[in-house]
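Please treat every number below as a calculation from the coordinates, not as lab data. Because the structure is a prediction, the values reported are computed rather than measured. Cβ placement follows ideal geometry from the backbone for every residue including glycine, while neighbour counts extend to all protein chains displayed.
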Amino acid sequence: MKKTLCGILSATLFLAGCGSAAAEGAAPGHRLLYQGHGSLRIVTAEGKVIYIDPYAGKGYDLPADLILVSHGHQDHTAVDLIKNRNEDCRIITYKEALVNGEYKTYDLGYATVEAVQAGNNPNHDIRSCVGWLITLADGVSVYATGDTSTTDQMAELGSRDIHYAFIVCDGIYNMDMDEAAACAKLINARHSIPYHMAPGKPFDQARAELFDVPNRLIVPAGKEITLE
């Protein structure tokens, strides 16, 4: 009887151990950290790390696989914050992504990155700014408008069934809340998220709540969400 109980206990511990290993080895979902202002970090289910317009907040410790820079203003270009980079880390800026009016697309395996129109206002020349549409390997997509006002391409993006759209709305250097809401309707993403809403602040809850669209998702600076 004692041997039987020991055998049962050993088998139970083995199965429990196997369960723990499986749980630890399970692939996590995609995660997105809104670092504040115009800065985002995506960690894909495969563990690839993408930084977009590094500048604000924390969370620059994970080794980068891809760094995207939408335009040349200092509050979008702090790539030196990212000290830890994998050997094959790529930095793609607006300079490579927009050449002679042609917007580039990059197939990286774990993600497809498309440069799209941005700027189009007195503070941001459409010829030297891009937004980023990132489609992850399983089809989940994230659009970061970058600094911009309404562009012609936004209506085309409305047919792409974008999952998450981060839409600039500061009303000082870029479009205001009303125009941003109109753009959200054009883009027609499943989740429309206000960002870059108050220069000098990583996040402004009161302004975020002024972003009046049916599919609004408010993500405070420093919060990480699961992309699905």
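Some points to look at:
- Cα shape, segment 28-218, gyration tensor, a/c 1.5 rule: rounded
- Applied to segment 58-63, the Karplus parametrisation 6.51 cos²θ - 1.76 cosθ + 1.60 on θ = phi - 60° returns per-residue 3J(HN,Hα) values of 10, x, 9, 7, 5, x Hz, with x for Gly and Pro.
- Efficiency of FRET between residue 83 and residue 185 - r from beta-carbon atoms, R0 41 angstrom, step 0.05: 0.55
- Members of 201/223; 104/223; 83/223 lying beyond 26 Å, as alpha-carbon distances in this model show: 104/223
- Estimated inter-spin distance, residue 152 and residue 31, nm [label 7 Å along Cα→Cβ]: 4.2 nm
- Label-to-label distance, residue 201 versus residue 102, with points set 7 angstrom from Cα along the beta-carbon direction: 4.3 nm.
- Residue separation of residue 74 and residue 160 scaled by 0.36 nm, minus their Cα-Cα distance, works out to 27.9 nm of gained length.
- Choice from 129, 169, 89 with maximal GNM fluctuation in the chain (Cα, 10 Å cutoff): 89
- Cβ-Cβ FRET estimate between residue 209 and residue 95, R0 fixed at 25 Å, reported to 0.05: 0.10
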